[in-house]
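First comes the structure, then the notes that go with it.
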Ligand code: ADP
């Protein structure tokens, strides 16, 4: 008997121990699953809530919870739905409860998203007694899901935009290419008169230049998009850079009898600090557009400081380009900075252009920390674009000047440089493409140079070491011996004259690479006659190049 009792006692102790273990285990499960436990009675009573369940309502674990307090913590927009869901489990056969609602922390005001599930406990007669369940905070999870959805949508939109961009690009490239091939075919025709042939060749040239510009802009845009624009931050002369852009457009303006004016409103710094190349590219585009879309009147470029200079504060330079040309329609204004945004094909036919310039210029202006905006446009007054960018921090040693009187002063000097002659200069032009050889030969000969050609690096090395050349133009990618190896061989053999790399790779990093490899310069193909002559003249010491 006593033995039996002892066994019974042990059994009871084990049961208790097991029960404690069960509760502990349940507690641990709830804790680790970050679940709150709750228990509602009939008639909207609240029987038991765990501390964590209260946390989801911004309440401390000690708070005595009531149904009203619970409802107060539920987001007003979700209250009715939550209340009805609970009532339904007591009043209908639906004995489970699964819901997600927002809460607004009663003490902390924090908005959370809570997911709750519960089951009804019934009495012997299957009448609902209590609704017991767990809840969890799913705010982070939902936020991640929302972000993922957004990212997916954005990726889909970007993919559509890319396809659209490719389709546009293909169309834009085919248009000038079609014209080039078409006019070339006509020019070859035996029955073509000299006059017609001249016209066809002019069209080929115009379309070729357009294609060239388009490809440069597409490359630039892809760099901007991939965040790979190499931006320099150097000090350069503001009046000279402006003058360079304005001078380059003077001939076009003069052809249309347009006045092209450059002036400053108040004083502006003589030296500014940003990327000079991008600065000129943006201005070339907007001033170029102003000249292009104006048939009568003037284009005025005005530089000013956004605010009066304060020592220790950064200056902002504003350049506005105001024309008296056509108005940009209301509809057009919204899309003007989008890619391929010409109003319709008639714009291209009438004025030429790629529809990429403004999109690219805006991206570049943003990359410089500034912006490019369409300030105003009207039928009578034409359009005004404004480009602004942050300059260096102002200190009183910075020279401020008035601009205007000297605009265009550099133009003559540059024209001289551009029309420099290469008389008597001996040039070796190396390129594996016969067409390119011929083009280089003809262009350099037309400027007075004596030109010899070679079709690969090996032939170039032989010729350069045999004859006396003043300069070598060297293609990079060639069969037998590539341009870099040929340049190295020549240097090893003691050839000291300038060797300039010629390449279809037009990125800034390509130029940097060529210079690092030991070339004296890097010119990207296709190269225009005046640029080619200017660079060759510069490197052979015939002319000094204008560089800002
Ligand atoms: P495009 O190479 O065609 O000039 P842009 O991106 O530079 O390409 O310009 C897009 C379009 O914006 C132009 O085709 C033209 O319709 C309009 N536009 C730009 N600048 C001007 C301006 N100064 N006056 C009138 N229209 C302009």
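The values are calculated or read from the model by the stated rules, or taken from the named source; none is laboratory data. Quantities reported herein were computed from a predicted structural model and do not represent experimental measurements. Here the Cβ positions follow ideal geometry from the backbone for every residue, glycine too, while neighbour counts run over all protein chains shown.
Within the range 328-338, which residues are assigned to a loop (DSSP other than H, G, I, E, B), touching a strand residue (DSSP E or B) at 6+ places or on another chain (Cβ under 8 Å) and either more than 7 Å from the ligand (Cβ to nearest atom) or without any contact (Cβ under 8 Å) to a residue 24 or more places away in the chain (or both)?
Of everything in the range 328-338, just one residue is assigned to a loop (DSSP other than H, G, I, E, B), touching a strand residue (DSSP E or B) at 6+ places or on another chain (Cβ under 8 Å) and either more than 7 Å from the ligand (Cβ to nearest atom) or without any contact (Cβ under 8 Å) to a residue 24 or more places away in the chain (or both), namely 337.
Whether any residue in the range 511-529 is in a helix (DSSP H, G or I) and within 16 Å of residue 443 (Cα to Cα) is what I want to check.
yes
Six or more apart or on different chains, Cβ atoms under 6 Å: show the pairs whose first residue is in the range 287-303 and over 21 Å from residue 266 (Cβ atoms) and whose second is assigned to a loop (DSSP other than H, G, I, E, B) and near the ligand (Cβ under 7 Å from one of its atoms).
293/325; 293/326; 294/325
List pairs: first residue in the range 26-41 and on the phi < 0 side of the Ramachandran plot, second residue modelled with pLDDT under 85 and in a helix (DSSP H, G or I) anywhere in the structure, Cβ distance under 8 angstrom, at least six positions apart or on different chains.
From residues that are on the phi < 0 side of the Ramachandran plot, the pairs are 35/29; 36/30; 37/30.
Among all residue pairs at least 6 apart or on different chains, which show Cβ distances below 8 Å where the first residue, located in the range 66-79, is assigned to a loop (DSSP other than H, G, I, E, B) and the second is surrounded by fewer than 16 Cβ atoms within 10 Å (Cβ to Cβ)?
75/111
Taking the range 56-75 as the region of interest, how many residues are buried (at least 18 other Cβ atoms within 10 Å of the Cβ) and touching a strand residue (DSSP E or B) at 6+ places or on another chain (Cβ under 8 Å)?
The total comes to 6.
Restricting to the range 94-136, name every residue that is under 16 Å from residue 46 (Cβ atoms) and assigned to a loop (DSSP other than H, G, I, E, B).
If the condition is that a residue be under 16 Å from residue 46 (Cβ atoms) and assigned to a loop (DSSP other than H, G, I, E, B), then 106 is the only one that fits.
Within the range 375-402, can you find the residues that are surrounded by fewer than 17 Cβ atoms within 10 Å (Cβ to Cβ) and within 16 Å of the ligand (Cβ to nearest atom)?
Correct list: 375, 376, 378, 379, 380, 381.
Which ones in the range 272-304 are out of contact with any strand residue (DSSP E or B) (no Cβ under 6 Å at 6 or more places or on another chain), under 17 Å from residue 403 (Cβ atoms) and away from the ligand (no atom under 16 Å from the Cβ)?
Selection gives 279 alone.
Which of the following residues is within 26 Å of residue 288 (Cβ to Cβ), modelled with pLDDT of 90 or more, in a helix (DSSP H, G or I) and touching a helix residue (DSSP H, G or I) at 6+ places or on another chain (Cβ under 7 Å): 204, 218?
Result: 204 is the single residue among 204, 218 that is within 26 Å of residue 288 (Cβ to Cβ), modelled with pLDDT of 90 or more, in a helix (DSSP H, G or I) and touching a helix residue (DSSP H, G or I) at 6+ places or on another chain (Cβ under 7 Å).
If residue 105 meets every condition in (1) buried (at least 17 other Cβ atoms within 10 Å of the Cβ); (2) within 19 Å of residue 142 (Cβ to Cβ) apart from one, which number is that one?
(1)
Would you be able to tell me the number of residues in the range 42-55 that are in contact with a helix residue (DSSP H, G or I) (Cβ under 7 Å, 6 or more places away or on another chain) and surrounded by fewer than 16 Cβ atoms within 10 Å (Cβ to Cβ)?
3
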